[in-house]
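The values are calculated or read from the model by the stated rules, or taken from the named source; none is laboratory data. As the structure is a computational prediction, the values presented were derived from the model and not from experiment. FYI the Cβ positions are ideal-geometry reconstructions off the backbone, even for glycines, and counts take in every protein chain you see.
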Amino acid sequence: MMNLNGVLAPVVTPFDADGAVDDDAFVVNIGAHLAAGLHGVVVGGSTGEAALLDEDERARLVELARSALPSDRTLLVGTGAESTRAVIARNRVAAERGADGVLVVAPHYYGDAMTPQALEAHYLRIADVSPVPVLLYTIPKYMHFALPADVVSVLARHENVAGMKDSSGDATLLRGYLASQSESFKVLTGSGALFGEALGLGAYGGILAVALFAPSLALDIFAAHRNAREGERTSAQSRLTPLATRIVAGMGVAGVKAALDAIGLHGGAPRSPLRPAAADAIRLVRELVRSAELVPAR
């Protein structure tokens, strides 16, 4: 059974000096995320620069991640694409290489055509044939729209749709999605700044880029919530929020990678056309990391 309770890491994709995927660095990072206590990883997500990877690279990363993860840790794979056909093909490849589930961002290039009817048909066809459970993924920052709660309500009833990731950072939208939550459809937040509040509203956990470099804080929030220690949850959230807002939301992939470098893991430069963090941004990342008193990765 796929475990969606807890904090999952949407891992970055490190590149070597020639711009190729650095397999060894990728595996080292995953080992550190697991050692920190995170409950699983997501490969090929937004933070993993999925849009900049070719199909062979995507498949190889899934293989590497599966080999690094014990069976009790969840492996989700981002397989979203602009065509239903492409998602179906990616889901098959991900499943063959060991994915526990797939995270499918909504098509958005033809945004005006993504009516509720089009979205429902797209996801229902994918769920009908996917060899592993499907999670919906809404991220308005990149999609330029949000999955409608009414659409989510329809899709949540499909036996092969196991949940969703909401990266809107909007508590009102989250409440709409949570109305469809059940034991068979679990909602996770992608917002580190909203993590504690999301848990309080009923979310099962989070897929948090900020947890890549601040896992202890994210896990403290999760544990405090489960043990009804509101003061501890609030305290940890106050330390996590600046990291989530100023690094993850404010700087994107380049900032997350700079933060990984700052704690001794493998970040490095993003793949072109993304640019690495500028010197002043790196200084700010390091100061924020120091201020949060993060423990260096082992």
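Restricting ARG175, ARG125 to those that are among the basic types (Lys, Arg), farther than 25 Å from ALA89 by Cα, surrounded by fewer than 20 Cβ atoms within 10 Å (Cβ to Cβ) and more than 16 Å from the chain's Cα centre (by Cα) reduces the list to ARG175. Taken over the range 43-55, the residue count meeting the criterion of being assigned to a loop (DSSP other than H, G, I, E, B) and either within 11 Å of the chain's Cα centre (by Cα) or surrounded by fewer than 18 Cβ atoms within 10 Å (Cβ to Cβ) (or both) is 6.
Test LEU61 against the stated conditions and say whether it is aliphatic (A, V, I, L, M), touching a Ser or Thr at 6+ places or on another chain (Cβ under 7 Å) and not in a strand (DSSP E or B). So LEU61 fits the description; yes. Screening ALA25 with (1) in a loop (DSSP other than H, G, I, E, B); (2) surrounded by fewer than 24 Cβ atoms within 10 Å (Cβ to Cβ); (3) touching a strand residue (DSSP E or B) at 6+ places or on another chain (Cβ under 9 Å) gives one miss only, at (1). Got at least one residue in the range 89-98 being outside any helix (DSSP H, G or I) and on the phi < 0 side of the Ramachandran plot? Yes.
Each residue in the range 33-57 was checked for being small (Gly, Ala, Ser), out of contact with any strand residue (DSSP E or B) (no Cβ under 6 Å at 6 or more places or on another chain) and in contact (Cβ under 8 Å) with a residue 24 or more places away in the chain, and 5 of them qualify.
Just one residue in the set ALA193, ALA198, ALA224, ALA228 is in a loop (DSSP other than H, G, I, E, B), in contact with a helix residue (DSSP H, G or I) (Cβ under 8 Å, 6 or more places away or on another chain) and either more than 20 Å from ALA32 (Cβ to Cβ) or modelled with pLDDT under 95 (or both); that residue is ALA193. Only residues that are under 30 Å from ASP72 (Cα atoms) and outside any helix (DSSP H, G or I) were counted across the range 99-126, and they come to 8. May I ask you to verify whether LEU199 is in contact with a Leu (Cβ under 9 Å, 6 or more places away or on another chain) and buried (at least 18 other Cβ atoms within 10 Å of the Cβ)? No: the conditions fail for LEU199.
When PRO148, PRO133 are checked against the criterion of being in contact with a Gly (Cβ under 6 Å, 6 or more places away or on another chain), at pLDDT 95 or above and not aliphatic (A, V, I, L, M), a single residue qualifies: PRO133. Just one of (1) small (Gly, Ala, Ser); (2) surrounded by fewer than 23 Cβ atoms within 10 Å (Cβ to Cβ); (3) modelled with pLDDT of 95 or more fails for GLY40. It is (2).
PRO215: closer than 27 Å to ALA50 by Cβ, surrounded by fewer than 21 Cβ atoms within 10 Å (Cβ to Cβ), touching a helix residue (DSSP H, G or I) at 6+ places or on another chain (Cβ under 9 Å) and in contact (Cβ under 8 Å) with a residue 40 or more places away in the chain, yes or no? No: the conditions fail for PRO215.
Of the residues GLY264, GLY268, the single one that is touching a residue at least 60 places away in the same chain (Cβ under 8 Å), under 20 Å from ALA36 (Cβ atoms), surrounded by fewer than 23 Cβ atoms within 10 Å (Cβ to Cβ) and of a type in the set (Gly, Ala, Ser) is GLY268.
Taking the listed residues ARG239, ARG175, ARG246, the one that is under 30 Å from VAL132 (Cβ atoms) and either assigned to a helix (DSSP H, G or I) or touching a Cys at 6+ places or on another chain (Cβ under 6 Å) (or both) is ARG175, with no other qualifying. Just checking, which of VAL7, VAL87 is of a type in the set (Val, Ile, Thr), within 17 Å of PRO215 (Cα to Cα) and in contact with a helix residue (DSSP H, G or I) (Cβ under 9 Å, 6 or more places away or on another chain)? None of the others qualify; the one that does is VAL7.
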